[in-house]
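Report on one structure; see the data block that follows.
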Amino acid sequence: MNQIKRFFTEEDAVGVVEVILILVVLIAMIAIFKTQIKELVENIWKSINKGAKSIYG
């Protein structure tokens, strides 16, 4: 009986579940906004390259 009470009062698994839920949400958001993220990263790299060319070119 004491083991059952301890099992239900333990909160170690709650942290694991929270991390898994956060990862699932992040992966879903990445899947939904994939094209926008890709365009954003490409624009950032273009800007970095343009700035580097003006310094070193």
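A few remarks follow.
- Matching residues in segment 41-57 - criterion: being loosely packed, with under 10 Cβ neighbours inside 10 Å and either of a type outside the set (A, V, I, L, M, F, W, C) or touching a strand residue (DSSP E or B) at 6+ places or on another chain (Cβ under 9 Å) (or both): 53, 54, 56, 57
- Of the helices (runs of 4 or more DSSP H) entirely within the chain, those holding at least 1 residues that are over 20 Å from the mean Cα position of the chain (by Cα) and modelled with pLDDT of 95 or more occupy 34-56.
- In segment 29-40, the residues that are loosely packed, with under 11 Cβ neighbours inside 10 Å form Cβ pairs under 8 Å with partners that are of a type outside the set (Phe, Trp, Tyr) and assigned to a helix (DSSP H, G or I), at six or more places apart or across chains, as follows: 30/37.
The values are calculated or read from the model by the stated rules, or taken from the named source; none is laboratory data. Being a predicted model, the structure only gives us computed values, none of them experimental. A quick note on method: Cβ atoms are made from the backbone with ideal geometry, for glycine too, and the neighbour counts reach across all protein chains shown.
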